[in-house]
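J.: Encoded as structure tokens, here's the structure I'll be asking about.
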Amino acid sequence: MVADRWVARTAAQRLSDRLACAAGLDRSPTVDLGGFPVLPGVLTGELGRVSVRAADVTRGDVRAAEVDAELSQVRLPGEQPARVGALDLRIRVGFDALPGTVGERPVHYRGVGGLLAVETTAPMAGQQLPVTVLARPAIDAGRLTVTPTEIEVLGMRRPAGAKLVERLTGGRDLSRPLPALPAGLSWQGVDVADDGLRLRLTGHDLTLPGGGDGRRAGTCGGN
């Protein structure tokens, strides 16, 4: 049992280093091989199911507070590139990572019944009133789209008409491009939670590249 746990930690650290190098992460993610025993799988290079967690990951315009991944059919054959049969990856983007201004208006975010609430103020009836734009996020063609559905003023909601939305946002599109994905990966959807946006992507038949972000003489432990 002691030998198995030692091998599990060693293999987990090895895979963690490869993932950090291949993805260009500043810190190695936490890797959990799970199960018992692990030793037979390590000896054959067949790790089966692996859980991975990373924090504070930035890609393009997206800054993720947490990234959780479930990998299955993981193969780590010696110094060859690691392979993954299937990947289910969930990304939490905190509200603090979203743009702090829209159309030069300061904004704040929260989740309301599965919708993204964008809170700001606007001049109405001769005074500055709090206004909330309720929007539905989605993923379309590699972009995180944010479509306003309702406007709330003084507790009263009304449909988000195009002219009113343009007035509140200054004509700025709330949508953002998502990072381009390697072959085999695809965005699946996005939900609004109490602590931010939850994005999900999946992948099949993946290979961790031998080359990473320039560390380790241009390799990540694989050829």
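The values are calculated or read from the model by the stated rules, or taken from the named source; none is laboratory data. Source: prediction; values computed, not measured. Cβ atoms come from the backbone with ideal geometry, glycine included; neighbour counts cover every protein chain shown.
J.: Filter region 182-209 for residues that are crowded, with 19+ Cβ neighbours inside 10 Å and modelled with pLDDT under 80 and give the result.
T.: 208
J.: Quick test for you: out of 158, 110, 90, pick the one residue that is in a strand (DSSP E or B) and within 30 Å of residue 75 (Cβ to Cβ).
T.: Working: 158 fails: within 30 Å of residue 75 (Cβ to Cβ); 110 fails: within 30 Å of residue 75 (Cβ to Cβ).
Of 158, 110, 90, the one residue that is in a strand (DSSP E or B) and within 30 Å of residue 75 (Cβ to Cβ) is 90.
J.: If the requirement is being at pLDDT 80 or above, charged (D, E, K, R) and surrounded by fewer than 14 Cβ atoms within 10 Å (Cβ to Cβ), which of these qualifies: 157, 215?
T.: Step by step, each of 157, 215 is checked, and only 157 is at pLDDT 80 or above, charged (D, E, K, R) and surrounded by fewer than 14 Cβ atoms within 10 Å (Cβ to Cβ).
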